[in-house]
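Please treat every number below as a calculation from the coordinates, not as lab data. Just so we're clear, the structure is a prediction, and the values are computed from it rather than from any experiment. FYI the Cβ positions are ideal-geometry reconstructions off the backbone, even for glycines, and counts take in every protein chain you see.
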Amino acid sequence: MRSLLGSVVGAALTSALLGCNDPVASSANAPAPSVVTSNVIWPASSQVDRGLLGALGAEARAKVSRAPVPVLVPRGSDLAAASLVVEPEFYAFSHRHDGITVVVQATRREHRYEGVGPVRGDRLVRGTTGFVTENEGIRSASWRENGVAYTVDLECETPTDARCADDTLVMSLVDGLAFVGGGGR
């Protein structure tokens, strides 16, 4: 089974490549999106969970200070082996433990299409509206917080793992996210 992070990166690259070669996407009739960089709302530095920050491995800890958005990570597991990718517009945290893979991502980049407004979420996620979905056994929650878009993805190694049978674990992970810093703090 491919890892969730590999699947996410692979899907993004495939979409980008297909979009470049897709006659519909390159059609003069297709509206071009405007790309907007969101204004980040930084939590107070007093809200940094220093214990959780310290639980990250040295490499991940060093990257937190370069993140362009507030870095949220899940509580409750050994984070020393977690991976953190930081790029100019986003961060992606991934952690594999006890048969599950958790990926937390946030981006400040938005693609807006003329005439297409935002869609309001249908679930309460971290005090706001968001979406909770399941696709090919991967549970996902997405919402806006701190002025940016976040997602949490949960994949079980075994498709029959009861932890991925419903939204309970992914929502518990989302509710337990803690702020560990970022480039704006």
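Of note:
- Over region 120-169, the pair-distance histogram of Cα-Cα distances with 5 Å bins from zero comes to 5, 21, 29, 20, 13, 9, 3, 0 percent, rounded to whole numbers.
- Cβ-based exposure ranking for Y113, Y91, Y150, in which fewest neighbours within 10 Å come first: Y113, Y150, Y91
- Order by protection proxy (mean Cβ within 10 Å, highest first), peptides 178-184, 135-141, 153-159, 37-43: 178-184, 153-159, 135-141, 37-43
- Charge dipole (debye, nearest 20) of region 32-181; +1 at Cβ of Lys and Arg, -1 at Cβ of Asp and Glu: 620 debye
- When only Cα pairs below 8 angstrom with a gap of at least 6 residues are kept, region 125-185 shows a relative contact order of 28 percent.
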